[in-house]
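So the structure is just underneath, and the comments pick up after that.
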């Protein structure tokens, strides 16, 4: 199935550092979503973006909807141990006749205290 | 609760057995999605419902997979004659609208193991 390109694949950082990850697509999307998933749980929505160029924050998280509508990035500032998990981007677009969410391959984040 | 609920959380099936996975979406949500997540991968689209209508089943991997949402609320994903490659986490998501600006909320998933 189709998946978006997400980078980096994994990150090991020190507590207090900032983190940046991005997602790119060959298709145009009208919505970008960022999720966090922890072991044994479903993805939890972090941030939703609806307009090209939009920059949205949620606490220490900041995400942007790329101008071309084919990319998005997520920043986490001043990381803490509980930020550990897998972060997924998801783009929503009209493909095969319906709207669906296409997910990225994930960024695995580990924070060292 | 107010979130998406899936049951069972875990299911072990013998190869060849049929299984049924249930999803209770958030009340009032029009759209319902099923995704399959293999170990270490992102969720992959299986099928989409708008109310009771199954508008897209392009992601179902074979005709052994069948989904329904007869009354536009609860949905069931059925897998017939399970195979080992069906082992994965099956995620259900719902969203309020069928188009436009909308967010999708996921359940905790059902982890299916075929032995």
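Since every read-out is calculated from the coordinates, none of them should be taken as a lab result. Fair warning: this is a prediction, and the values are worked out from it, not measured in the lab. Using ideal geometry, Cβ is built from the backbone for each residue, glycine included, and neighbour counts are taken over all protein chains shown.
Just a few scattered comments:
- Subtracting the Cα-Cα distance of residue A:60 and residue A:14 from 0.36 nm times their residue separation leaves 15.0 nm of extension gain.
- Peptide packing: for A:19-26, B:55-62, the average count of neighbouring Cβ atoms within 10 Å per residue gives the ranking A:19-26, B:55-62, highest mean first.
- Counting only other chain Cβ atoms within 10 Å of each residue's Cβ, the peptide A:38-46 averages 5.
- Whole-number D in µm²/s for chain B (Stokes-Einstein; Kirkwood sum over Cα pairs; 25 °C, 0.890 mPa s): 175 µm²/s
- Centroid-to-centroid separation of region A:1-46 and region A:55-72 [C-alpha atoms, Å]: 11 Å
- Model label points for residue A:44 and residue B:15, set 7 angstrom from Cα along the Cα-to-Cβ axis, are 3.8 nm apart.
- Efficiency of FRET between residue B:51 and residue A:112 - r from beta-carbon atoms, R0 41 angstrom, step 0.05: 0.30
- On the principal axes of its alpha carbon atoms, the protein assembly as shown extends 49, 37, 34 Å, with the longest extent given first.
- When Rg and Dmax are taken over the Cα atoms of chain A, they come to 13.6, 47 Å.
- Inter-chain Cβ neighbour count for A:25-33, averaged per residue, equals 1 (cutoff 10 Å, partner chain atoms only).
- Distance between the 7 Å Cα→Cβ label points at residue B:39 and residue A:68: 3.6 nm.
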